Amino acid sequence: MDLFYLNPYAIRLCENVSSVCGTNAVLMQVINWNLSADCENNSLEAYIKDGESWKDTRLDTSSDSLTTLSRAIYNKLYRNLSDFENHLDRPESDFYNTALSQKLGQLLG
């Protein structure tokens with residue numbers, strides 16, 4: 001049995017992205033209990049669809065990525081994350097998270 005539970009809504013979203021783009025999409029999952037301010041351990045798992053099931057795939061995470069993740073945690077950017085349910089409760093919520101993406105881009109730059 002797989003250690004990590006894949007959310008059926010995330011799977012459906014990933015499958016829709018894959019069908020729209022015409023290519024395999026990678027489903028990324030953050031492993032919450034691995035997160036820390038210094039992010040010394042990889043806290044991301046990647047999955048790719050293989051037939052009817054999802055298989056984990058190798059994800060090379062650079063130290064720059066871990067540093068960016070650490071900064072994002074330190075700056076509490078996760079508090080700005082909106083999902084579709086937030087949008088249903090408050091229609092002005094941006095479930096595309098464009099502002100959050102811009103902030104992450106600034107951390108990378």
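The values are calculated or read from the model by the stated rules, or taken from the named source; none is laboratory data. Everything numeric here is computed off the predicted structure, so don't read it as measured data. Note that each Cβ is placed from the backbone with ideal geometry, even for glycine, and that neighbours are counted across all protein chains shown.
On the basis of being outside the structural domain of N32 (by TED's automatic domain parsing) and in contact (Cβ under 8 Å) with a residue 24 or more places away in the chain, does L108 make the cut? Steps first, please.
Values: outside the structural domain of N32 (by TED's automatic domain parsing): yes; in contact (Cβ under 8 Å) with a residue 24 or more places away in the chain: yes.
Here the answer is yes, as L108 does meet what is asked.
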Members of segment 22-42 found to be at pLDDT below 85 and either over 18 Å from D83 (Cα atoms) or surrounded by 13 or more Cβ atoms within 10 Å (Cβ to Cβ) (or both), listed by number = Q29, I31, W33, N34, L35, S36, A37, D38, C39, E40, N41, N42
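So, in segment 79-109, exactly how many residues are aromatic (F, W, Y) and more than 19 Å from L27 (Cβ to Cβ)? Give the derivation first.
Here is the first cut: in segment 79-109, the ones aromatic (F, W, Y) are 84, 95-96.
Next cut, more than 19 Å from L27 (Cβ to Cβ) only: none.
Counting residues in segment 79-109 that are aromatic (F, W, Y) and more than 19 Å from L27 (Cβ to Cβ) gives 0.
If you take just the helices (runs of 4 or more DSSP H) that sit entirely in segment 59-109, which of them hold at least 3 residues that are modelled with pLDDT of 80 or more? Can you show your working first?
Values: elements: 63-74, 84-89, 98-108.
It comes to 63-74, 98-108.
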If you scan segment 62-108, which residues turn out to be surrounded by 13 or more Cβ atoms within 10 Å (Cβ to Cβ) and of a type in the set (G, A, S)?
-> S65, S70, A72, S82, S93
